[in-house]
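We did not get these values from a lab; they are worked out from the coordinates using the rules stated. All of these numbers come straight from a predicted model, not from anything done at the bench. So basically every Cβ, Gly included, is an ideal-geometry build from the backbone, and we count neighbours across all protein chains shown.
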């Protein structure tokens with residue numbers, strides 16, 4: 001057994017690419033080794049700004065010798081066919097075996113592939129990995145042909161055994177492999193010779209390189225937290241920034257500085273965003289939540305304990321924050337100077353901003369959202385006038401100077417400006433909240449006005465792109481329509497809203513220049529106007545994905561997509577949850593089988609007879625106790641199910657339906673439906689029709705698999 005160490009040493013790799021690159025190196029190398037017949041016990045990949053490293057331990061020393069049989073042409077085949085087979089198999093004619101099969105005698109070649117030493121396989125796999133490495137962006141340099149993210153300087157490739165180590169020989173674009181790496185660019189420059197992974201990691205540490213990105217991140221966070229705590233402060237958590245900064249340094253040195261007093265009145269989100277985006281600084285707040293300090297991470301220790309580095313960072317930060325103060329003050333003047341029409345200058349600018357070439361400007365879109373929010377408002381408990389007002393102001397900050405500089409602050413700055421202009425709290429909050437939820441873990445707005453505008457925003461987006469036939473296909477979703485669909489679902493379900501979406505769809509499609517009707521003259525969906533139906537189907541598909549984590553099966557949702565309320569998502573989910581629970585019980589599972597049996601017999605009889613058995617059976621014509629018992633059970637269950645459905649108590653409806661399990665089982669065990677007496681047969685088929693009709697009030701149980 002051997003241990004393999006690989007290091008690809010280059011100029012600085014962008015931090016955002018390092019984690020994926022380390023995973024790709026591990027995957028490509030280990031997959032290649034296994035495909036070539038080697039096995040290994042484990043593998044670990046690492047990344048720093050200047051290196052990708054891979055350690056594979058427990059690697060077999062050579063691939064096994066293998067023998068395979070390859071079937072060739074018939075013995076009577078032409079010589080040209082046999083010669084072609086010999087060339088492909090790499091054997092001579094005298095090495096072939098003749099074997100009889102059902103088609104006659106054929107040639108069989110036994111091909112033996114000798115094992116290969118690990119070093120040869122590693123060299124082959126690593127060269128292919130380097131040449132075909134899937135960097136998002138890559139470059140060429142000098143006169144070479146190799147493409148790498150940044151100029152590749154060294155290839156380290158070692159196989160280590162108990163008796164020592166050997167360099168795996170290979171050369172890629174003039175770069176020969178070796179056993180040499182380098183330490184920190186400034187604190188320990190120069191070559192370092194290594195003999196194993198443990199030796200490699202230890203010598204890098206002495207050369208001021210922390211190999212593990214997780215260790216670098218932990219060091220940064222602990223040092224930052226300790227410095228802040230010592231000053232009575234707290235570092236604002238930012239996992240994304242921590243991972244990025246850990247990819248910018250090989251020897252992290254944490255320094256804390258103070259933000260100038262002239263900038264402390266900026267909103268904390270502005271301070272945090274400016275420092276994160278431009279300087280990669282962590283924000284530090286005091287006990288009141290006010291951001292007063294920053295944390296920067298240097299890539300080296302200095303004789304003055306970082307004072308020079310900190311002073312330089314402070315100068316750059318002050319210049320950035322001075323710009324932010326300028327934007328903030330200019331925007332506040334607009335918000336405070338316009339009275340009731342304070343947003344008019346910004347909204348006027350949005351008339352010249354295209355939302356989409358086929359869907360008009362941002363100003364036109366705001367008009368659509370405002371009208372839709374007014375329509376939705378009563379269904380979500382919001383005041384229509386206030387919802388329309390909030391919708392017209394929600395995107396005004398897109399024209400502000402601050403959002404132009406920091407687009408990620410859209411909505412948040414709108415709330416600040418609306419508050420400064422004296423708007424009601426719920427109107428101001430809507431500017432920030434109407435974009436939510438942005439993902440499956442994002443908070444969902446609960447304030448009625450925010451909910452109305454958030455729904456209007458997302459439904460307008462969906463209707464608009466559906467109307468112009470720009471829908472998600474496969475993995476492509478350039479307009480984030482799946483996210484918008486999930487947002488609609490979560491807004492409705494999390495707030496337990498119950499209202500039909502069809503009228504809202506029609507309004508949204510009509511506003512986007514699409515026919516508000518649902519079907520052609522013959523009552524069937526017309527190809528030119530079927531987009532609303534396709535959108536509803538899209539939302540149902542997203543709903544299935546959303547409910548997957550609850551354990552609700554797709555076929556259960558499909559079964560509930562019956563009746564006239566499939567556009568009421570809350571009602572649909574309530575029925576699906578109740579049905580899902582029922583079919584997991586013994587009674588429910590058996591009832592499902594009885595229902596399917598009844599429907600299959602009924603469908604076959606109707607197809608054969610050319611008539612519909614849907615008029616209800618007559619208990620007076622029952623001939624057996626089992627028939628009479630089923631008639632009685634249906635008569636008892638019918639009002640219970642109807643009452644439960646009317647009150648939307650679907651658990652009670654499912655319970656009443658499950659009570660039919662025993663009489664249905666008994667009926668099928670004792671009664672022959674297709675009796676010779678036609679009156680009896682028709683009566684029994686009409687009885688089955690009652691079972692199917694009663695079940696279909698809740699769901700189409702025939703859609704449930706199993």
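Sort 592-601, 345-354 for me by packing, meaning the mean count of neighbouring Cβ atoms within 10 Å per residue, highest on top. Each step should come with its number before you reach the end.
Working: 592-601: 18.8, 345-354: 14.7.
Listed from highest to lowest mean packing, they are 592-601, 345-354.
Between residue 674 and residue 318, what length in nm is gained on full extension when 0.36 nm per residue of separation is reduced by their alpha carbon distance?
Working: separation 356, 0.36 × 356 = 128.16 nm, distance 8.95 nm.
Here the answer is 119.2 nm.
Using alpha carbons only, how many angstrom separate the centre of segment 673-706 from the centre of segment 439-510?
40
With a 10 Å Cβ neighbour count serving as the proxy for reagent exposure, in which order, fewest first, do 184, 278, 434 appear?
Ordered from fewest to most neighbouring Cβ atoms within 10 Å, 184, 278, 434 come out as 278, 184, 434.
What shape does the chain take by its C-alpha gyration tensor, where a ≥ b ≥ c are the square roots of the eigenvalues and a/c under 1.5 counts as rounded, a/b above b/c as prolate, and the rest as oblate? Provide the component values of the computation, followed by the final result.
On the way: a/c = 2.44, a/b = 1.18, b/c = 2.06.
It is oblate, given that a/c is not under 1.5 and a/b is not larger than b/c.
How big is the antiparallel share of DSSP beta bridges in the chain, given as a percent to the nearest 5?
On the way: 60 of 62 bridges.
Of those bridges, close to 95 percent are antiparallel.
Rounded, prolate or oblate for segment 344-550? Axes are the square roots of the Cα gyration tensor eigenvalues, ordered a ≥ b ≥ c, and the cut-off for rounded is a/c under 1.5.
Working: a/c = 1.61, a/b = 1.42, b/c = 1.13.
Judged from the Cα gyration tensor, segment 344-550 comes out prolate (a/c at least 1.5, a/b above b/c).
For segment 7-58 and segment 622-663, what is the separation of their Cα centres, given in Å?
Spelled out, the Cα-based centre of one part sits 63 Å from the other.
Sort out for me the Cα centre separation of segment 389-423 from segment 254-324, rounded to whole Å.
That distance is 25 Å.
Given only helices, namely DSSP H runs of n ≥ 4 each adding -39500 (n - 2.57), what is the per-residue ellipticity at 222 nm of the chain, to the nearest 500 deg cm²/dmol?
Working: 25 runs with 345 residues, N = 706.
The helix-only estimate for the chain comes to -15500 deg cm²/dmol at 222 nm.
Under 8 Å for C-alpha pairs, at least 6 residues apart: give me the relative contact order for the chain, rounded to a whole percent.
Values: 1122 pairs, mean separation 49.3, N = 706.
Relative contact order here is 7 percent.
Going by the alpha-carbon gyration tensor, a ≥ b ≥ c the square roots of its eigenvalues, is segment 534-582 rounded (a/c under 1.5) or, if a/c is not under 1.5, prolate (a/b greater than b/c) versus oblate?
Numbers: a/c = 1.90, a/b = 1.22, b/c = 1.56.
Oblate is the answer for segment 534-582, as a/c is 1.5 or above yet b/c matches or exceeds a/b.
Rounded to the nearest 0.05, what FRET efficiency do residue 215 and residue 19 have when you use their Cβ-Cβ distance and R0 = 22 Å?
On the way: r = 14 Å, r/R0 = 0.65.
Working from the Cβ atoms, E equals 0.95.
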